[in-house]
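Quick notes on the structure that follows.
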Amino acid sequence: MRTKRRNRVIFVSSLIASLSVAFTFIVLAMNENVDFYYTPSDLTGSKIINKDSLRIGGLVQEDSINISKDSLETNFLVTDLENSIEVYYEGILPNLFKENSGVIARGFYDYSDGIFYAKEILAKHDENYIPKEVKKALVNDS
Amino acid sequence: MKSFYFKTFQRDSKVYLSRSSSFLGPIVFFLITITLYPLAFGSDEEKLAELSAGIIWISILLANLLSHQFIFNEDYKDGSLDLVLASGKSLFLWASIKIFVNWCFSSLPLIFLSLLTSFMLYLPFDAALILALTLFLGTPILSMFGALAGALTLERGNIVGSSIVIPMCLPALILGILAIQSYKNEEVLFYIFLLAAFLFFSIPILIASCLGAIRLHFE
Amino acid sequence: MRQFFNQLISFPYFFKIAQISFPYLFLLSISVILLGVLWGVFFSPVDVTQGEVYRIIYLHVPAASVAQSIYYTMVIASVTYLIWRIKMASVFMISMAPLGAIFTFLALFTGAVWGQPTWGTWWVWDARLTSTLILLILYLAIISLFSSFDRRASIDQAVSIVVLIGGINLPIIKLSVEWWNTLHQSASITLSGSSIDNEMLIPLLISILGFYLYVTAIGMRRMQVEILKREISHNWVKRIFQEKK
C-alpha cells in the first residue's frame, strides 16, 4: 500500500511539474508577437520590416489592375482601406482574383521604390454563399 | 530503493555500449536515408539547401521511431518485465529511465551527425544551429512515441505500431521545420517555445500510455 | 437513471432495442437525407460566385461533420473504457471506426470534386484538407490495430489508448497544420459555412441531420454484429436464434 502511494506521488508530481513547464512555454510563445501576414499600413508605417519573404493581405483596389497585353506582368494596388501598396507580379493570376476582393501576396517589399514584388498571388475565397437574386437586390439598393 | 532505478540506468547503458547493432544501427540508417535524397533529387545546391532541413528532420524521425520500437522487447521476452510489473516499483520512473537511456544512445549521436550532414546539404550555419536545437527538443517526443509504438506491438513487432505513431508526431515535425525556416526572423522563438511546450506536455501523457500499452500484454 | 444506463450498456438489452429501432431509424435517415439533398440540388438558389457547383456542399459538409463527430464520440468512449472498463464502449469504438474512415474519405472525395472547378485543382495542401487527410490516416491506423492481438481485451485496450492519444493530439495537429499552412501557402482558401443564406442553409441542415441519423442507424447495426461476434457462445444469443426459428 505504501509503495503504491509513493508511486502515485511520483507520477502526479512529475505530471504537475511537466504540465506547468509546458504551460510556461505556451505563455512565453504567446508573448512573442508573430505576424503571419502584414497589412499595407504595416509596410508603409515607420517600422522597417526586413524579410526575404513575407506575405501581405488586403483588398484589390478598384480600377487599379493593370494587366500587360503581351506578357504575364501585372500591376495592382492592395489596400486595407487606409493605405495601399503597389504590387508587381509576373505569372498567371488565380480565377477568383478580381477588384474589391481579398488577396494575399507572398514576396518581398522593396523599400527603395515602394513596390511589393510578389512571387505568389492567392485570391481569397469568398466565404459568403449568397443567391444571385439576393446579390442583385443588394447591389440595386446601394 | 534508489538502486533499482540506478541499476536500470546502468544496465541499459552497458547493453547499449556493448552492442554495436543497437548503437550503430540508427546511425547507419540515418546516414543512408540522408544519402538517398540527393540521389533521388539530384545534387543541385540550391534545391538541396531548400530541402535540407526537411530531409534531416524526416530521416531523424524515421530512424528515431525505429530505434525505439524494441525498447521493451527484450525485457518482455526474458520475463524481466513481469518482475518489474510485480515489484511495486514506480513504473513511471522506470519507463522514463529506459526511454532516456535509449534517447542518449540513439538520438544524441544523431543530433551531432545532423550538424555534420547539414553542411553536406548546404544548410546555412545559423539554420543548422536552430536545427540542432529543434532536434534536441523534438527527438525526445519521437522517442516516446516510438516507445509507445513498441509497447503496443510487443508480441509481434510489425509496421502497425509506427504507422499509428507517425501522424501523431506531425506537430513536432511541423514546428521544428517552421522554426528552422524562420531562423532569420524573430518568429523562431515562437516555434521553439511551442515545440518545448509540446515536449513537456507529451512527457507524462506518453509515458503513462506506454505503461498502459505494456499492461495490455499482461491482462 | 442509473438503472437505465446499466440496462443500456448490457449487451442483450441493447441488442433488443437496436433490433426493434433499426428499421425505423434507417428509413427515417434515408428519407431525411433524400429530402435535404434533393431540396438542395433542385430547389435551392444558385450561388453568386460559384454557380451550380457549390451544390456539392450538401454532401461535403455533412460528411465532414459526421467524420469529425465520430472521432470525438470515440474519444469519449475510449475514456469510458479506460476508466470503467465498460465493454459497450469498446464495441462502440470498434464499430464506429470504419464508418468514420468511410465518411472522412467521402468528405475528401467530394472536396476534391468541388475543388476541381472552383480552385482549378483536385487537391491543395490547405490546412483543412491536410488535417482531414491525417484524420483518415488515423482512422485507418486504428482499424489496422483490430487484428494485431490475439486476445479481445488487448485489442480493446490498445484501441482505446490510441484513440485517446489521437484525441488529445488531434487539436494540436490541426493547430500546427494551420501554422504550417499560413506560412507556406493558401491560408485564404477556407470554406466555412457560417455565412450561408437561409435558403441554402435549411436544406444543408436537413442533410446534416440525415447523415447523423444514418450513421446512428448503421452504427447500431454494426454494434449488433460486433456484440454477436463477442457473445456468440452466450445463452441469450442462442435463445434469440431459437426464437427466430
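Could you check, for the range B:158-165, whether at least one of its residues is assigned to a helix (DSSP H, G or I), at pLDDT 90 or above, within 7 Å of another protein chain (Cβ to nearest Cβ) and open to solvent by 20 Å² or more (accessible area, probe 1.4 Å)?
no
Of everything in the range A:69-88 that's modelled with pLDDT under 80 and open to solvent by less than 60 Å² (accessible area, probe 1.4 Å), which residue is nearest to the chain's Cα centre (by Cα)?
So the residue we want is A:Asp80.
Give just the number: which of (1) open to solvent by less than 70 Å² (accessible area, probe 1.4 Å); (2) more than 28 Å from A:Arg6 (Cβ to Cβ) does B:Phe41 not satisfy?
Against the list (1) open to solvent by less than 70 Å² (accessible area, probe 1.4 Å); (2) more than 28 Å from A:Arg6 (Cβ to Cβ), B:Phe41 comes up short only on (1).
Given the conditions (1) more than 9 Å from every other protein chain (Cβ to nearest Cβ); (2) assigned to a loop (DSSP other than H, G, I, E, B); (3) open to solvent by 10 Å² or more (accessible area, probe 1.4 Å), and given that B:Leu211 satisfies all but one, which numbered condition is not satisfied?
So the condition that B:Leu211 fails would be (2).
Open to solvent by less than 20 Å² (accessible area, probe 1.4 Å) and without any contact (Cβ under 8 Å) to a residue 12 or more places away in the chain: does that describe B:Asp75?
yes
Of everything in the range C:149-169, what is more than 8 Å from chain B (Cβ to nearest Cβ) and either among the β-branched types (Val, Ile, Thr) or not in a helix (DSSP H, G or I) (or both)? Give them in sequence order.
Those that are more than 8 Å from chain B (Cβ to nearest Cβ) and either among the β-branched types (Val, Ile, Thr) or not in a helix (DSSP H, G or I) (or both): C:Ile155, C:Val159, C:Val163.
Can you pull out the residues in the range A:89-130 that are of a type in the set (Gly, Ala, Ser), touching a Gly at 6+ places or on another chain (Cβ under 9 Å) and modelled with pLDDT of 75 or more?
A:Gly102, A:Ala105, A:Ala118
Give C:Ile57, C:Ile83 a once-over and let me know the one that is out of contact with any helix residue (DSSP H, G or I) (no Cβ under 9 Å at 6 or more places or on another chain) and either surrounded by fewer than 18 Cβ atoms within 10 Å (Cβ to Cβ) or over 26 Å from B:Leu152 (Cα atoms) (or both).
The unique qualifying residue is C:Ile83.
In the range A:52-106, which residue that is in a strand (DSSP E or B) and within 11 Å of chain C (Cβ to nearest Cβ) is farthest from B:Asn185 (Cα to Cα)?
Only one residue tops the list, namely A:Gly102.
Which one of C:Ala89, C:Ala63 is assigned to a helix (DSSP H, G or I), away from chain A (no Cβ under 14 Å) and closer than 19 Å to C:Tyr214 by Cβ?
None of the other options fit; the residue is C:Ala63.
Report whether or not C:Trp179 is under 26 Å from A:Ala22 (Cβ atoms), touching a helix residue (DSSP H, G or I) at 6+ places or on another chain (Cβ under 9 Å) and modelled with pLDDT under 80.
yes
Counting just the residues of the range C:94-130 that are outside any helix (DSSP H, G or I) and within 14 Å of chain A (Cβ to nearest Cβ), which one comes out most open to solvent (accessible area, probe 1.4 Å)?
Going through the qualifying residues, I end up with C:Trp125.
Out of the residues in the range C:182-227 that are in contact with a His (Cβ under 7 Å, 6 or more places away or on another chain) and among the polar types (S, T, N, Q), which is modelled with the highest pLDDT?
C:Thr190
So which residues in the range A:97-116 are over 16 Å from the mean Cα position of the chain (by Cα) and open to solvent by 50 Å² or more (accessible area, probe 1.4 Å)?
Listed by number, the residues that qualify are A:Lys98, A:Glu99, A:Asn100, A:Tyr111, A:Ser112, A:Asp113.
As an exercise: evaluate B:Leu135 against (1) surrounded by 20 or more Cβ atoms within 10 Å (Cβ to Cβ); (2) under 24 Å from A:Phe11 (Cβ atoms); (3) of a type in the set (A, V, I, L, M, F, W, C) and give the number of the one condition it does not meet.
Unmet for B:Leu135, out of (1) surrounded by 20 or more Cβ atoms within 10 Å (Cβ to Cβ); (2) under 24 Å from A:Phe11 (Cβ atoms); (3) of a type in the set (A, V, I, L, M, F, W, C): (2).
In the range C:136-146, how many residues are open to solvent by 10 Å² or more (accessible area, probe 1.4 Å) and more than 9 Å from chain B (Cβ to nearest Cβ)?
Residues that pass the stated criteria total 3.
The values are calculated or read from the model by the stated rules, or taken from the named source; none is laboratory data. Owing to the predicted nature of the structure, the values given are computational and were not obtained by experimental measurement. Counting neighbours? That spans all protein chains shown, and the Cβs are built from the backbone with ideal geometry, glycine included. Note: areas computed on protein heavy atoms with side chains; ligands, DNA, RNA excluded. Shrake-Rupley method; radii C 1.70, N 1.55, O 1.52, S 1.80 Å.
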